[in-house]
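Notes to accompany the following structure.
Values quoted throughout were computed directly from the atomic coordinates according to the rules given, and no laboratory measurement underlies them. In this text the structure is predicted, and so the values were computed from the model without any measurement. Because the Cβ atoms are built from the backbone with ideal geometry, glycine has one as well, and the counts that use them run over all protein chains shown.
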Amino acid sequence: MTALWVRPIALDDLDHPALRPLPESAVEVLEEVEAPPRLVAHLRAVHDVAAQLVDWVVGRDLPVALDSEAVLFGAATHDIGKVLHPAELSGPGSSHEPAGRDLLVTHGIRPELARFAANHAAWDAGTDLDELLVSLADAIWKNKRRQDLEDLVVARLAAASGRAVWDEFLALDDVLTRIGDEADARLAYQMSHPLTVRAGRA
């Protein structure tokens with residue numbers, strides 16, 4: 001069965017909210033695993049937020065190690081393990097995290113890209129900026145502020161820019177507030193898609 005619903009949700013033009021399409025490589029994997037509609041919509045919303053964060057960091061021209069394509073692919077597939085743990089589509093749970101990494105690898109995705117599926121809900125001082133940005137996008141898409149996570153991002157930016165931590169905090173807070181202001185539209189978009197596909201739909 002071909003998951004015909006995936007591509008329109010992942011790629012169609014939108015006016016409100018205006019969400020960037022998912023990378024083709026992510027769309028192909030989501031089709032292969034028959035990702036349900038609401039999951040695809042969620043991934044598109046988080047991917048768009050990750051793209052905004054990447055654009056902001058890149059636009060500042062800081063000497064930081066940042067793999068933009070990896071961040072965007074990671075955001076576009078971070079919850080793919082919920083295909084195997086569908087109860088976690090609408091409820092709590094972390095089983096989808098290692099399952100998502102393994103699922104991506106079995107579909108030919110390199111481990112360095114699959115890692116985001118396993119790591120997006122955990123971070124510490126050793127977490128690299130790519131992973132931090134995926135985690136941050138997965139929080140701020142619905143306007144959830146995570147001070148511990150934001151502090152790690154601020155520390156990386158301050159180390160790169162040479163500016164005071166407080167100045168970097170204010171800069172990040174400004175962009176997160178702007179992105180967070182659109183959370184209701186993203187949430188409504190996600191909820192407009194069904195959790196599952198009706199039997200017989202191809």
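The table that follows gives values for the structure above.
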| read-out | value |
| --- | --- |
| Unmet requirement for Val58, which otherwise passes all of (1) closer than 28 Å to Val175 by Cα; (2) surrounded by 16 or more Cβ atoms within 10 Å (Cβ to Cβ) | (2) |
| Any hit, the stretch 25-34, residues being on the phi > 0 side of the Ramachandran plot and either aromatic (Phe, Trp, Tyr) or not in a helix (DSSP H, G or I) (or both) | yes |
| Filter pass, Leu14 being closer than 20 Å to Ala188 by Cβ and assigned to a loop (DSSP other than H, G, I, E, B) | yes |
| Number of the exception - Val46 against (1) in contact with a helix residue (DSSP H, G or I) (Cβ under 6 Å, 6 or more places away or on another chain); (2) under 18 Å from His107 (Cα atoms); (3) of a type in the set (Val, Ile, Thr) | (2) |
| Within the stretch 80-122, tally of residues that are in contact with a helix residue (DSSP H, G or I) (Cβ under 7 Å, 6 or more places away or on another chain), assigned to a loop (DSSP other than H, G, I, E, B) and closer than 17 Å to Leu149 by Cβ | 2 |
| The stretch 160-182, residues that are over 17 Å from Trp56 (Cβ atoms) and of a type in the set (Gly, Ala, Ser) | Gly162, Ala164 |
| Complete set of residues in the stretch 27-51 that are surrounded by 18 or more Cβ atoms within 10 Å (Cβ to Cβ) and not aliphatic (A, V, I, L, M) | Pro36, Pro37, Arg38, His42, Arg44, His47, Asp48 |
| Total residues in the stretch 24-46, condition among the small types (Gly, Ala, Ser) and within 14 Å of the chain's Cα centre (by Cα) | 3 |
